[in-house]
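This report refers to the structure that appears directly beneath it.
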Amino acid sequence: DELFPAEQARIVQLLVERVDIGLGGLDVHLRIDGLSGLVREMREAAA
């Protein structure tokens, strides 16, 4: 299954708190509460 671009953007906003780019690489900081919310939504949709 594929997600529409708007839904992809919404999921990224829920999951990603911050992205730091430097000479040493890329650091992605995730939102734990966003992950919990996404899991909850997926469970509700599957029920």
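Bear in mind these aren't lab numbers, they're just calculated from the coordinates by the rules spelled out. Small disclaimer: the values here were computed from a predicted structure and weren't measured. All Cβ positions, glycine included, derive from the backbone under ideal geometry; neighbour counts span all protein chains shown.
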For this session: Select from the chain those GluC sites (Glu not before Pro) which occupy a DSSP coil region and have at most 11 other Cβ atoms within 10 Å, ordered by residue number.
Result: Glu2
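Place a +1 charge on the Cβ of each Lys and Arg in the chain and a -1 charge on the Cβ of each Asp and Glu, then give the dipole magnitude about the Cα centre in debye, rounded to the nearest 20.
With only Lys, Arg, Asp and Glu charged at Cβ, the dipole is about 120 debye.
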For this session: Would you compute, from DSSP H runs of 4+ residues alone, the mean residue ellipticity of the chain at 222 nm, taking -39500 (n - 2.57) per run and dividing by the full residue count, rounded to the nearest 500?
Result: -17500 deg cm²/dmol
Problem set entry | Degrees, to the nearest 10: 32-46 long Cα axis against longest axis of the chain | 30 degrees
For this session: Measure off 7 Å from each Cα along the Cα-to-Cβ vector at Arg10 and Ala47, then give the distance between these two points in nanometres to one decimal.
Result: 1.9 nm
For this session: Quick one: angle between helix 5-15 and the longest Cα principal axis of the chain, in degrees between 0 and 90, rounded to 10, please.
Result: 70 degrees
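May I ask you to give the average projected area over all directions of the convex hull of the Cα atoms of the chain, in nm² rounded to one decimal?
One quarter of the hull surface, i.e. the mean projection, equals 4.2 nm².
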Seminar exercise, completed: Placing each pseudo-label 7 Å from Cα in the direction of the beta carbon, Arg40 and Leu26 end up separated by a distance in nanometres of 2.9 nm
For this session: Mind listing the long-range amide H neighbours of Val16? Cut-off is under 5 Å, sequence gap 5 or more, other chains count too, H placed in the peptide plane at 1.01 Å from N.
Result: Arg31
